[in-house]
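Structure first, then comments.
The values are calculated or read from the model by the stated rules, or taken from the named source; none is laboratory data. What you are looking at is a predicted structure, and each value in this text was computed from that prediction instead of being measured. Virtual Cβ from ideal backbone geometry, glycine too; neighbours counted across all protein chains shown.
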Amino acid sequence: MKHLHLIIIVLSGLLFLTVSCKDTMTYADYLDREAKAIDLFIESNNLTILKDFPSDGNFNEKEFFKDPATGVYFHIISYGDTTQRLKWKEEVYVRFKGLHYFASEDTTKYSNLTGEPEVITFIGPVSSSTKSNYATPGWVVPLNYVGHTGKVQMIIPFNMGSSYDQSRYEPTYYDMVQYRFQDQY
């Protein structure tokens, strides 16, 4: 009789573990959910995704370039002053508006236009070795193209977002991100 109780308890425990493990999302599940959310966002906003950067550098109103190395989408609103390029270890002040977590129920649009800007110390383009050095690695991607006071719109996958975005597996959209280079003031 004791063995029968033990067998029932063990089988119940295994059944509980099996059911509870099915509710846990894997990293692949989060990536799949993100891809669907980004595709839906692109479709519902009638965006066109470019595989190649425009040869003349001009973007039509709803065109976004998808950076193949990072998966970050961006649309250049204004190139800013590109006469002097960003230097290694130069500080970049980032202002943004319209930060939206479009894959969640959070309908708030965030901004830092009135507070302190975010600061990036530029150590080169985003790569696997530099990614962890940036608070929001996705912000660095357009810096290869824009100059001082450049402005972009962005869709940033969670793995290129802030630590908050990464921990919540949340992709983000920015209505506007503006860069100001320290040495240009």
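At-a-glance table
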read-out: Positions within region 163-184 being touching a strand residue (DSSP E or B) at 6+ places or on another chain (Cβ under 9 Å) and not in a strand (DSSP E or B), in sequence order; value: Asp165, Pro171, Gln182, Asp183, Gln184
read-out: Only one of Ser111, Ser104, Ser55, Ser129 that is in contact (Cβ under 8 Å) with a residue 60 or more places away in the chain and surrounded by fewer than 18 Cβ atoms within 10 Å (Cβ to Cβ); value: Ser104
read-out: Scope region 1-52; condition polar (S, T, N, Q), surrounded by 10 or more Cβ atoms within 10 Å (Cβ to Cβ) and modelled with pLDDT under 95; matching residues; value: Ser12
read-out: Restricting region 78-108 to residues that are of a type in the set (Lys, Arg) and either modelled with pLDDT under 95 or touching a helix residue (DSSP H, G or I) at 6+ places or on another chain (Cβ under 9 Å) (or both), the residue that is farthest from Glu61 (Cα to Cα); value: Lys89
read-out: Residue count for region 55-70, restricted to those that are over 16 Å from Met176 (Cβ atoms), part of a strand (DSSP E or B) and hydrophobic (A, V, I, L, M, F, W, C); value: 1
read-out: Residue that is surrounded by the most Cβ atoms within 10 Å (Cβ to Cβ), among those in region 63-101 that are among the small types (Gly, Ala, Ser) and out of contact with any strand residue (DSSP E or B) (no Cβ under 7 Å at 6 or more places or on another chain); value: Gly71
read-out: Tyr173 vs. criteria within 27 Å of Lys62 (Cα to Cα), at pLDDT 95 or above and surrounded by fewer than 18 Cβ atoms within 10 Å (Cβ to Cβ); value: no
read-out: Residue list for region 71-114, filter: farther than 11 Å from Tyr173 by Cα and part of a strand (DSSP E or B); value: His75, Ile76, Ile77, Ser78, Asp81, Glu91, Val92, Tyr93, Val94, Arg95
read-out: Hey, Ile123 in a loop (DSSP other than H, G, I, E, B), of a type outside the set (Gly, Ala, Ser) and surrounded by 14 or more Cβ atoms within 10 Å (Cβ to Cβ) or not; value: yes
